[in-house]
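Read the structure below first, then the notes.
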Amino acid sequence: MIRSRLGVLLGAAILTAGAVAPSAHHAFAAEFDREQPVELKGKVSRLQWTNPHSWIYVDVVESNGTTTSWALEFGAPYALLRRGLRRTDFPIGTEVAVKGFRAKNGKPVANASSVVFPDGRSFYTAASDSPDGRQGGAGE
């Protein structure tokens, strides 16, 4: 009796975990608009180095003097690491220039396709389903 209940609970846990994971990942076209490219320059204010996508938050000073905090979706940490980009490249306050595509909802959110650091280092940052057509390995 206890073994059968444990089996049911374990099975339910496995099914629930499987149902949650895919909903966390989305296709580029579901959220971002390839017809709305953005180029942003600002300072890193926060970093989430997590799967399935990393997020970099950048404070951008607008022409009118106000500051807008942008959430920028990058590829998976493993994919970024394979490209030579590390979490330690983003200390708070680091100036970055980012190119990407704005969210369809008009909020200050974008899918980043590249990042450039003040020292000139440049990295491709998007997942493999981004509009420039680059393809990567598993997890990208």
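Checking the condition hydrophobic (A, V, I, L, M, F, W, C), under 11 Å from the mean Cα position of the chain (by Cα) and surrounded by fewer than 19 Cβ atoms within 10 Å (Cβ to Cβ), which residue from 97, 71, 110, 126 passes? Can you show your working first?
Numbers: 97 fails: under 11 Å from the mean Cα position of the chain (by Cα); 110 fails: surrounded by fewer than 19 Cβ atoms within 10 Å (Cβ to Cβ); 126 fails: surrounded by fewer than 19 Cβ atoms within 10 Å (Cβ to Cβ).
The unique qualifying residue is 71.
Residues checked against (1) part of a strand (DSSP E or B); (2) farther than 21 Å from residue 115 by Cα; (3) at pLDDT below 95:
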residue: 9; (1), (2), (3): no, yes, yes
residue: 38; (1), (2), (3): yes, no, no
residue: 45; (1), (2), (3): yes, no, no
residue: 50; (1), (2), (3): no, no, yes
Residues located in the range 56-78, provided they are under 19 Å from residue 103 (Cα atoms) and of a type in the set (Phe, Trp, Tyr): 57, 70, 74
Breaking point among (1) in contact with a Gly (Cβ under 6 Å, 6 or more places away or on another chain); (2) under 18 Å from residue 36 (Cα atoms), for residue 74: (1)
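Answer with yes or no whether residue 132 is over 18 Å from residue 47 (Cβ atoms), surrounded by fewer than 18 Cβ atoms within 10 Å (Cβ to Cβ) and either small (Gly, Ala, Ser) or at pLDDT below 95 (or both).
Details: over 18 Å from residue 47 (Cβ atoms): yes; surrounded by fewer than 18 Cβ atoms within 10 Å (Cβ to Cβ): yes; either small (Gly, Ala, Ser) or at pLDDT below 95 (or both): yes.
Here the answer is yes, as residue 132 does meet what is asked.
Criterion first (touching a residue at least 24 places away in the same chain (Cβ under 8 Å) and surrounded by fewer than 20 Cβ atoms within 10 Å (Cβ to Cβ)) does residue 46 satisfy it?
Details: touching a residue at least 24 places away in the same chain (Cβ under 8 Å): yes; surrounded by fewer than 20 Cβ atoms within 10 Å (Cβ to Cβ): yes.
The answer is yes for residue 46.
Please tell me if residue 65 is out of contact with any Asp or Glu (no Cβ under 6 Å at 6 or more places or on another chain) and under 16 Å from residue 41 (Cβ atoms). So that I can check it myself, show each step before the final result.
Working: out of contact with any Asp or Glu (no Cβ under 6 Å at 6 or more places or on another chain): yes; under 16 Å from residue 41 (Cβ atoms): yes.
It is true that residue 65 is out of contact with any Asp or Glu (no Cβ under 6 Å at 6 or more places or on another chain) and under 16 Å from residue 41 (Cβ atoms).
Does residue 56 satisfy the criteria of being surrounded by 21 or more Cβ atoms within 10 Å (Cβ to Cβ) and in contact with a strand residue (DSSP E or B) (Cβ under 7 Å, 6 or more places away or on another chain)?
Working: surrounded by 21 or more Cβ atoms within 10 Å (Cβ to Cβ): yes; in contact with a strand residue (DSSP E or B) (Cβ under 7 Å, 6 or more places away or on another chain): yes.
Yes.
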Filter result (free of Cβ contacts under 8 Å to residues at least 40 places away in the same chain and either in a loop (DSSP other than H, G, I, E, B) or surrounded by fewer than 15 Cβ atoms within 10 Å (Cβ to Cβ) (or both)) within the range 77-94: 81, 84, 86, 88
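The values are calculated or read from the model by the stated rules, or taken from the named source; none is laboratory data. Please read these numbers as outputs of a predicted model, since none were measured by experiment. Neighbour counts are summed over all protein chains in view; Cβ atoms, including those assigned to glycine, are modelled from backbone coordinates with ideal geometry.
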